[in-house]
Amino acid sequence: MQQNTFTRRQVLAGIGSTLAALSLPDVVVAAGNVHAAAGPEDPLGKYPKPPFKEQSQPWPGLASKMEPQPDHGEKSYKGSGRLAGRKALITGGDSGMGRAAAIAYALEGADVAINYLPAEEADAKEVIALIKAAGCKGVALPGDLREESFCRKLIADAVSALGGLDILVSNAARQQTRASILDVSSEDFDATMKTNIYAPFWLIKAALPHLKPGSVIIGTSSEQAYDPSADLYDYAQTKAATTNFVKSLARQLAPKGIRVNGVAPGPIWTPLQVSGGATMEKLKQFGGNTPMGRPGQPVELASIYVQLAAADASYATGQVYGSSGGAGQP
Ligand code: NAD
Ligand code: MG
């Protein structure tokens with residue numbers, strides 16, 4: 001009869017030969033479980049640097065059509081149960097930072113609903129499959145956030161599908177480069193304000209009655225809030241508004257036990273940038289002017305979204321966490 005007990009030496013020898021047979025990403029995944037030292041990782045060489053290939057997609061763009069493909073943590077994020085039993089709604093959860101947050105939340109044990117535009121169904125399907133593969137509930141709730149009635153329905157649908165809500169990540173946004181204010185039409189301006197300012201207002205109002213103490217609201221702001229580009233007149237001011245509402249709502253909701261924080265990314269490799277968010281000239285050199293000399297990948301912000309949602313960050317509210325490769329933050 002085979003013996004079921006192993007000596008420590010046998011176990012370690014077994015782990016050693018298993019690791020030897022694995023490729024590097026597998027080793028990194030396995031490392032957390034066996035405490036095998038992966039060592040420090042050089043952030044400079046971790047991801048692609050400019051120059052990037054010319055590319056453009058119609059708004060809102062698909063991550064699956066970008067070259068190189070962004071890393072949202074599909075293979076690299078490793079969870080440890082930090083959000084077990086939590087229920088999250090993430091707008092713009094199909095791609096970019098929202099997708100990285102959705103994948104990480106599921107790997108941390110949360111059920112996750114994502115909102116996106118119907119044109120992004122292909123990206124969204126991949127995210128839902130990844131959430132389900134992590135053993136969590138994944139709910140797809142497509143629709144246009146520029147409509148107040150849809151925002152209310154989105155919250156109601158998320159609450160009913162998840163059986164409640166305690167994490168709201170207001171992350172969706174519209175960004176379209178325009179060289180001059182004279183090129184920003186009233187329709188452009190209206191679409192940017194509706195998506196980036198009105199939608200969070202409508203979503204948070206609808207969500208609030210459902211948010212119990214311990215719930216969190218996270219807004220995606222930007223370094224544009226403090227250091228606006230000349231060609232992002234309308235977008236940049238919406239990000240200043242996001243940073244501002246994070247701070248005012250944090251004060252308003254602290255007595256209810258609800259924390260409100262923000263994330264302020266620098267240049268991150270996402271569909272928003274290749275579908276009108278950046279000029280072709282800027283895109284080809286994207287991230288090259290940061291001290292790290294490269295753009296960030298969505299997964300590099302995933303742990304920030306997790307940290308701000310996790311119960312052990314219980315004293316953090318009204319904060320905006322930057323991640324911008326060393327470029328200007330306040
Ligand atoms: P992204 O294109 O992957 O995500 C933006 C998402 O917004 C889209 O996937 C789409 O689903 C959603 N969206 C846009 N308009 C919508 C509408 N009317 N209705 C419903 N959904 C809509 O790009 P991203 O860069 O990951 O953007 C996520 C957030 O990050 C945004 O708030 C953006 O302002 C912010 N941000 C991005 C960068 C960057 O360099 N990529 C830098 C700073 C801040
Ligand atoms: Mg998208």
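Points worth noting:
- Simple spin-label estimate for Leu208 and Lys49 gives 4.8 nm between the two label positions (7 Å along the Cα-to-Cβ direction from each Cα).
- Relative contact order for segment 219-307, counting Cα pairs under 8 Å that sit 6 or more residues apart, in percent: 26 percent
- Note on segment 40-323: with charges restricted to the Cβ of Lys and Arg (+1) and Asp and Glu (-1), its dipole about the Cα centre is near 800 debye.
- With the simple spin-label model, which puts each label point 7 Å out from Cα in the Cβ direction, the Gln285 to Ala240 separation comes to 2.6 nm.
- Helix-only [θ]222 nm of the chain, DSSP H runs n ≥ 4, -39500 (n - 2.57) each, per residue, nearest 500: -11000 deg cm²/dmol
- Surface exposure of segment 40-323, expressed per residue as accessible area with a 1.4 Å probe, stands at 42 Å².
- Longest site-free stretch - the chain; sites: GluC sites (Glu not before Pro), DSSP loop, at most 12 other Cβ within 10 Å: 55-330
- Cα-Cα over 20 Å, subset of Lys87/Lys137; Lys46/Lys132; Lys87/Lys153; Lys78/Lys132; Lys212/Lys239; Lys78/Lys247: Lys46/Lys132; Lys212/Lys239; Lys78/Lys247
- Rg/Rh ratio calculated on Cα atoms of the chain (Kirkwood radius): 1.00
- Label-point separation in nm, Lys78 to Glu121, each point 7 Å along Cα→Cβ: 3.8 nm
- Value of relative contact order over the chain, rounded to a whole percent, pairs C-alpha under 8 Å and six or more apart: 21 percent
- Percent carbon-and-sulfur accessible area, segment 40-323, ignoring ligands, DNA and RNA, probe 1.4 Å: 54 percent
The values are calculated or read from the model by the stated rules, or taken from the named source; none is laboratory data. Note that the coordinates shown come from a computational prediction; the quantities given were computed from them, not determined experimentally. Virtual Cβ from ideal backbone geometry, glycine too; neighbours counted across all protein chains shown. The accessibility values were calculated without ligands, DNA or RNA, using every heavy atom of the protein model including side chains. Shrake-Rupley method; radii C 1.70, N 1.55, O 1.52, S 1.80 Å.
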